[in-house]
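Below: one structure, written as structure tokens.
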Amino acid sequence: MSAASGSSSVRLPDFARTTTFRSTLIVAGAFFLCTVLLFGFVYWQTAVYMMDKNDALLSDELRVFAQNTPEQRLQEIDDRLRKDPERIKIAGLFDHDGHRVAGNIEILPTGLPLDIPSSAVVVRLDDHGRELQKVRIAAHVLPDGEILVIGRNIAEIVEIARIVLRALALGLLPAIVLAVAVGVVLSLRARNRLLEVNRRIQRIVAGDLRERLPTRKGNDPFDQLAAGVNLMLGEIEALVHEIAGVGNDIAHDLRTPLTRVRARLERGRARATTLDELRTVVDQSIGGLDQSLAVVTALLRIAEIEHNRRLEGFSQVQLAPLVREVGDLYEPIAEDKHVTLQVEAADEATVHGDRDLLFEAVANLVDNAVKFTPEGGRVTLALLHRDGESVIQVKDTGPGISEAEREAAVRRFYRSDKSRNTEGLGLGLSLVAAIVKLHGFRFTIAAGPGCTTEIAFPSH
Amino acid sequence: MPRLLLIEDDKETADEIRAELGDRGFDVSWAGDGIEGLAKARSGRADAMIIDRLLPGMDGLTIIETLRSEGIRTPVLVLSALGAVDERVRGLRSGGDDYLTKPFATVELVARIEALLRRPSESPDTVLRVGPLELDLIKRTAKRGERMIDLLPREFRLLEYMMRRKDQMLTRAMLLEEVWNYKFVPQTNLVDVHMGRLRHKVDEPNELPMITNVRGVGFILRAPA
């Protein structure tokens, strides 16, 4: 416990480890760097501009002074220094030994280049006493050997640097603080959302398939993602329920024949007195087992069709010959049952599909219709053209399928209660549904009288 | 006595098959895995082979492919728990001659083995004959003795298939697969109904029956004794 709390104290707070927060920091850092560069550039340009202007002024003044007579010169120097309340002007006249003749510079700085302004530190002398000043200064040797020096204090340029820095600090610090604050808020929000999503995912993993991810009214990418995941969860939930239902149906439909087999065997063992009697019982039992196996086979067949996503077996299939062939196949069966089977195949449509599967689908529809139509009834197998699409329609005069049962009929493993007594596995229609779905065609079971099933082939 | 090689990894299934085929007069040798099976198959002593699709060591289809590439043409019946149509097609493509899905009725297995051992007559004759029965493939006519038999096209096809395999047990599944090219098991007794029609036409009440229905197994066409 103590170890855990000890380690967590050196860890960054949770929000600081989110992607959002890190991105914010990176952006803030880049912003900081850009601003500093910008301000530096502004300062640099200003300083260069002022220095140039200053130097030009100095050169002009120096020329004017140099052209004056010595008397005028002394007067001018005096004037210049008097009219300088800001104490930025510097002037001095030195004899050729370097002794001060006039002006407010105590000592002639050594090593000054002539006639070109340069930077130097001088001692200023005036009513306020002596003061060290950083100046731009230019010297000129007069015809009489005296040295004239003119300068200006450049403390104001330094002042500008200070102003720029202050502006920088005033502008930048709040921006940085704001950026970090926004980063914290955003990352906390993202983190909370993530925590919520994680909590719900945990619940889904734990088996609660009704759970969904949180969505807000907004349409941000996160919401879109959550909506997509929710759609997927809905589909999965439906599938899982379907599978569970199918499992129950399988168990039921397998248990019925198996129970019958068991009872038969038990009775046969107890009652059979001759080998022939025993054989009869065994034959019946084998029949029951075959029925159970047929259920499994049919189920596997449906699974095979449903999982068959490959369309490579597809080709152009002519519907009319297919319909006639199915009719030909079932005609004797119908006749034996005294059911009229009428085949109409006038439409010359071709569709893109797997011929064997389509044949199987149509055969199943006819098989069902013939099986469930009572003696003296009629089954019609027709290839029609309706509303711009081809339709294979199978109509019978049997008991029909009630509306409530229609949807259930296409599920795997369903057999209408009315047909429980008729031989058959109830998988026919689900098989047809699976085949039709694979092709992207449409399968409908329409209201009676009797039962009408249709496979529609959209013409696109 | 025809010799068969059975390559099947489940011993219990293998024992059942051997016992049943032994009773029917076959001499069956057995291999329990793919490697041993391939070795025995190469020795070439078998007249026909029954090979399980999924085997330890080596897949059944690989064995068949290997044998075929080595020029060994012994007929093979592929046995499989994989019932999908695709699997069947794969089994036949890799060189198998027939494909039977587990679980199967023993009679079905026997009928198919016998069919493999007696390949159908692919005689170039345009007239097939079995006893008094005559089928003219060019004129599309059939007659029994002097009596003309009026056949529908589907009945003609069925009779041709049976005459090429006279004296052979033909199961419902074999007929569905071969005559109707059916890839699935229909829910109704299609074969029986169609066969009933044909029998009615071939065997008139005063004639000796040529088409026999062996209950629970299938049908045989024979010349009347």
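Quick note: the coordinates plus some simple rules give every number you see, no bench work behind them. No experiment lies behind these values; they were computed from the predicted model shown. A quick note on method: Cβ atoms are made from the backbone with ideal geometry, for glycine too, and the neighbour counts reach across all protein chains shown.
Values for this structure:
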quantity	calculated
Cα gyration tensor shape for the stretch A:98-184, rounded if a/c is under 1.5, else prolate or oblate	prolate
Highest-fluctuation residue, B:Lys139, B:Lys201, B:Lys11 considered, GNM on chain B with Cα pairs under 10 Å	B:Lys139
Euclidean distance of C-alpha centroids, the stretch A:347-381 and the stretch A:133-162, integer Å	112 Å
Relative contact order [Cα under 8 Å, 6+ residues apart], chain B, whole percent	13 percent
The stretch A:440-460-the stretch A:209-281 distance, computed between alpha-carbon centres (Å)	26 Å
Pairs of alpha carbons in the stretch A:221-305 whose separation is greater than 20 Å (percent)	57 percent
Point-charge dipole on Cβ atoms (K/R +1, D/E -1) for the protein assembly as shown, about Cα centre, debye to 20	1460 debye
Other-chain or far-sequence residues with amide H under 5 Å of A:Leu142's (modelled H)	A:Ile147, A:Leu148
Proximal charge balance of A:Phe443 [Cβ under 9 Å; K/R count +1, D/E count -1]	+1
Debye, to nearest 20: dipole size of the stretch B:3-117, +1 on Lys, Arg Cβ, -1 on Asp, Glu Cβ	420 debye
Choice from B:Gly91, B:Gly37, B:Gly57 showing the highest fluctuation, given a GNM over chain B with Cα pairs closer than 10 Å	B:Gly57
Separation of alpha-carbon centers, the stretch B:113-181 and the stretch B:18-36, rounded to whole Å	31 Å
Projected-area mean, the protein assembly as shown, by convex hull of Cα positions, square nanometres	64.0 nm²
Calculated from backbone phi, Karplus (6.51, -1.76, 1.60) coupling profile of the stretch A:258-273 in Hz, x at Gly/Pro	5, 4, 4, 4, 4, 4, 4, 4, 4, 5, x, 4, 6, 9, 4, 10
Equivalent ellipsoid semi-axes, the stretch B:127-221, via Cα gyration tensor eigenvalues times 5, rooted, Å	22, 15, 12
Qualifying GluC sites (Glu not before Pro) for the stretch A:31-99 [loop in DSSP, other Cβ within 10 Å: at most 15]	A:Glu86
Contact order normalised by residue count of the stretch A:1-157, Cα under 8 Å, 6+ apart, percent	19 percent
For the protein assembly as shown, share of DSSP beta bridges that run antiparallel, in % to the nearest 5	75 percent
Rg(Cα)/(2.2 N^0.38 Å) for the stretch B:3-117, N = residue count	0.94
Per-residue HN-Hα couplings for the stretch B:155-169 [Karplus 6.51, -1.76, 1.60; θ = phi - 60°; Hz; x = Gly/Pro]	6, 4, 4, 5, 5, 4, 4, 5, 5, 5, 10, 4, 6, 10, 6
Within a Gaussian network of chain B (alpha carbon springs, distance under 10 Å), most fluctuating of B:Leu77, B:Leu152, B:Leu92	B:Leu152
Under-5 Å amide H pairs with B:Thr141, H placed in peptide plane, nonlocal only	B:Asp136
Test item: Cα-centred dipole of the stretch A:221-305, Lys/Arg +1 and Asp/Glu -1 on Cβ, debye	740 debye
Contact order relative to length of chain A, as percent, for alpha carbon pairs under 8 angstrom and 6 or more apart	10 percent
Over chain A: helical MRE at 222 nm, DSSP H runs n ≥ 4 each giving -39500 (n - 2.57), nearest 500	-20500 deg cm²/dmol
